[in-house]
Amino acid sequence: MNLDDAAGVDGLGQETGPSAAGVDGLGRETGPSENGVRRSEMRTTRSQRLGRLALHAALIGFSVLMVAPFFAMLLVSLVPQQAFLAREFGLDQWTLSNYRETFRIVPFGRFYLNSAIVSVTVTVVQILISSLAAFAFARLRFRGRDAIFVLYLATLMIPFPVTVIPNFLIIKNLGWYDSYRALIVPALFSVFSTFLLRQYYRTLPMDLDEAARMDGASSLRIWAQIVLPLSGPVLAALAIFVFQGVWNDFLWPLVVTSSETMRTIPVGLAAFVGQYSTAWGLLMAGAVIALLPVLVIYIIAQKWFVQGITLSGMGGR
Amino acid sequence: MSLPPAPRRSLFRWRPDQQWEGYLFLLPSLLGFAVFVILAVTMSLGISFTSWGLTGFRAFVGLDNYRALLRDPVFWQAVRNTAFYLVTIVPMQLALGLAMALALNQGLRATGVYRLIYFMPVVTTVVAGAIVFRLLLSNNGLINVWIQHFAQFTGLPVTPPNWLGSTRYARWAVVILTLWKNTGFTMVIYLAALQGVPRELTDAARVDGAGGWQRLRHVTLPMISSTTFFLFVYQAIGAFQLFTEPFVMTRGGPANSSLSVVQYIYLAAFRDIRMDKAAAMAWFLFIFIFAFTLIQNRLQRRWVYYETE
C-alpha cells in the first residue's frame with residue numbers, strides 16, 4: 001500500500017505521456033526533444049490538457065464543498081450575534097468575544113483534559129493488552145487457543161448497541177458510573193485490535209522465535225524484543241485509529257457520565273447545543289475550539305492518519 | 001486459515017511452559033472479554049426476555065418485548081428511517097468516494113492537497129459537523145440561499161425546503177451530514193486500491209482500443225471489486241448503527257421522521273428506562289445486520305474478483 005505522499009500518487013496514476021508536458025504546459029509548448037515525449041502522444045496533448053483542467057475544476061468543486069462547513073464555522077464564530085443576523089461578516093466585525101463567552105460558560109479546558117486522559121490511556125493500554133493477546137494467538141501454542149480465537153472473531157459481528165445496555169448496568173453495579181474508570185476500562189479490551197495485530201504477527205517468520213528460544217529467551221522477551229520492534233508501523237497505524245475513535249466516541253461517554261466535569265469534548269459540545277440551540281456564534285466558537293487541535297495535528301501528521309485509518313479500516317490487509 | 005506448525009517434540013525445542021504462558025499472555029484480554037463482551041451479550045439476551053426497568057429485574061416475560069416491538073409504530077418508523085439511511089448513504093458514498101479517488105488517481109499535481117482536504121471531515125467530531133450543518137441547513141442558511149440563487153439563475157421552480165423542520169427532508173439533512181463526514185474515508189480506501197491495479201492491465205486494454213469508460217468498466221472496477229465489497233459492507237454496518245448524526249442534528253424529529261434504530265434504543269434505555277425493550281431492539285438490529293451480511297456474502301461470489309496468488 002503506497003500512501004506515502006502525493007508524489008507516489010502522481011507517479012502511479014499518470015494517465016499518459018510526459019507529466020512535464022502537463023506541468024509547465026499551461027501556456028507553453030514543451031519541446032519534442034524533451035525526454036520521454038513520444039511523437040505519437042504529442043497530438044493528444046491539447047485534449048489532455050483540457051481534460052486535466054476539467055478534472056482540476058471538479059476536484060476544486062469537491063474541495064469547496066468539503067471546506068465550506070469549516071469556513072462557515074470559523075466565520076460565524078468570529079462575528080457577534082447582531083452582525084450574524086444582519087449577515088455582516090466583514091473584517092471590521094471580527095472579534096473574539098464569542099470565544100471568551102464560550103470559555104466563560106463551558107469548561108472546555110476540562111473537556112479537553114478528560115478527552116486527553118481517556119484517549120491516551122485507552123490507546124496505550126488497549127494496544128498493550130491486544131498485543132499480548134495477539135502474540136499468544138499468533139505465536140504460542142496452548143490448549144483451546146483456536147477455540148478462544150474463533151469465539152473472539154464471532155463477537156466481531158455483534159453491534160455495539162447490543163452490549164451498551166448491559167455494560168452500563170455492569171458499570172453502575174461496580175460503582176463506576178460518572179468516573180474515569182467508566183470511560184476507560186471497558187474500552188481497554190478490543191477484539192478488533194487483537195485480531196488486527198494477530199494477523200500481522202502471523203506474517204513475521206517463526207524462525208526468529210525459534211532461534212531466540214534456542215538462546216534461552218522467554219516468551220515475554222521474544223514479545224518485547226523481537227515482535228514489538230518489528231511491528232512499529234502497524235502499531236503506529238493502529239494507535240492513530242484507536243485514538244481517533246476514542247477521541248470522537250459519543251454514545252458510550254454520553255451513557256456513563258452525568259456531571260459536567262466528566263464530559264469529553266463531543267458530549268460537552270452536544271450538551272452545549274442543547275442549551276444554546278440558536279446562539280450560533282457561541283456554538284460555532286465551541287465547534288472551532290473542539291476541532292482546532294485535532295485538525296492541526298491531522299494537517300501536520302496527515303500521512304500517518306491516512307495510513308492508520310486505511311490499514312486499520314481494511315483489517316490490516 | 002492455516003496455523004503455525006506445532007513445534008516438533010524434540011528435546012531441545014519442546015517447551016512445556018508454553019501451555020500456561022499462552023494463558024498468561026491472554027489473561028488481561030480474556031478478563032475484559034469475559035466481562036464486557038461475553039457477560040454483556042448474555043445479559044443483554046437475558047434482559048430482552050424479562051421485564052426490566054428502573055428497579056431491575058421484575059419478571060420473566062418470554063418473547064413479550066419482541067412482540068410488543070413488532071406492534072410499536074415508532075419502532076417501525078425507526079426501521080424505515082434506518083433502511084432509508086442505508087439505501088441512500090451507502091450507494092451515494094461509494095459513488096462519490098470512487099469518483100474522487102479516480103480523479104485523484106490521474107497523476108495530477110496537488111493530489112496531496114486535495115486528499116488532505118477531502119479527508120479533513122473524517123477526523124472531525126461528528127458533533128461539531130452536526131452543529132455546522134444545523135446552521136447551513138437552517139431555513140435561511142447557506143444551502144437554502146444557494147438553492148434560491150440557483151432557482152433565480154435558471155428560472156426553475158425550486159423552493160428551498162425547510163430541511164430540519166419538515167418530516168420529509170429531515171432525513172435528507174442527516175444524509176447530507178453523513179456524506180460530508182464519511183466520503184473522505186471511502187475515497188482514501190479506494191485510492192489505495194486503485195494504486196494496486198497493475199498499469200499493464202489498463203495499458204493492454206488501451207492498446208486493444210478500449211476507451212476510458214470501457215477500461216473503467218471492464219478492467220479497473222473488476223480489479224477493485226473486493227474493495228468495493230469491503231466498503232459496501234463496512235459502510236452499511238455503519239448506516240445500520242447511525243446514532244450521533246440524527247441525535248445531535250435533528251433529535252430524531254420532527255415527529256420521529258429522522259429517528260434511527262440505535263437512537264430509539266438509546267431513548268428506550270436511558271430516557272424511558274426500559275432496558276428490556278431496548279435490549280430486544282438491539283437484538284433485532286443484530287438480526288438485521290447479520291442477515292444483511294450473510295446475504296452480501298452469498299451475493300459477492302457473483303461479482304467480486306479475488307486475485308489468487
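The values are calculated or read from the model by the stated rules, or taken from the named source; none is laboratory data. Keep in mind it's a predicted model, so treat the numbers as computed, not measured. Virtual Cβ from ideal backbone geometry, glycine too; neighbours counted across all protein chains shown.
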Residue in the stretch B:271-289 that is under 21 Å from the mean Cα position of the chain (by Cα) and closer than 27 Å to B:TYR190 by Cα present
yes
Report whether or not A:VAL294 is within 23 Å of the chain's Cα centre (by Cα), part of a helix (DSSP H, G or I) and at pLDDT below 90.
yes
Against the definition (in contact (Cβ under 8 Å) with a residue 24 or more places away in the chain and surrounded by 14 or more Cβ atoms within 10 Å (Cβ to Cβ)), how does A:ARG145 come out, yes or no?
no
In the stretch A:72-101, what residues are more than 12 Å from every other protein chain (Cβ to nearest Cβ) and either assigned to a helix (DSSP H, G or I) or touching a His at 6+ places or on another chain (Cβ under 9 Å) (or both)?
A:LEU78, A:GLN81, A:GLN82, A:ALA83, A:LEU91, A:ASP92, A:GLN93, A:SER97, A:ASN98, A:TYR99, A:ARG100, A:GLU101
Anything in the stretch B:116-161 that is assigned to a loop (DSSP other than H, G, I, E, B) and either within 20 Å of A:PHE84 (Cβ to Cβ) or at the interface with chain A (Cβ under 9 Å from one of its Cβ atoms) (or both)? List them, or say none.
B:THR124, B:THR125, B:LEU137, B:SER138, B:ASN139, B:ASN140, B:GLY141, B:PRO160
Those residues that are loosely packed, with under 15 Cβ neighbours inside 10 Å and not small (Gly, Ala, Ser), I need them from the stretch A:76-88; list them, please.
A:GLN82, A:LEU85, A:ARG87, A:GLU88
Would the stretch A:300-310 turn up any residue that is modelled with pLDDT of 90 or more, buried (at least 17 other Cβ atoms within 10 Å of the Cβ), hydrophobic (A, V, I, L, M, F, W, C) and within 30 Å of B:LEU137 (Cβ to Cβ)?
no
Can you confirm whether the stretch A:171-188 contains a residue that is on the phi > 0 side of the Ramachandran plot and charged (D, E, K, R)?
yes
Provide a single number: the residues in the stretch A:129-150 that are at the interface with chain B (Cβ under 8 Å from one of its Cβ atoms) and in a helix (DSSP H, G or I).
12
Can you name the residue in the stretch B:257-306 that is in a loop (DSSP other than H, G, I, E, B) and touching a helix residue (DSSP H, G or I) at 6+ places or on another chain (Cβ under 8 Å) and is also farthest from the other protein chains (Cβ to nearest Cβ) among such residues?
B:SER257
Out of (1) facing another protein chain (nearest Cβ under 7 Å); (2) within 23 Å of A:LEU74 (Cβ to Cβ); (3) not β-branched (Val, Ile, Thr), what's the single condition that is false for A:LEU251?
(2)
Scope the stretch A:100-125; condition among the charged types (D, E, K, R) and farther than 14 Å from A:THR257 by Cβ; matching residues:
A:ARG100, A:GLU101, A:ARG104
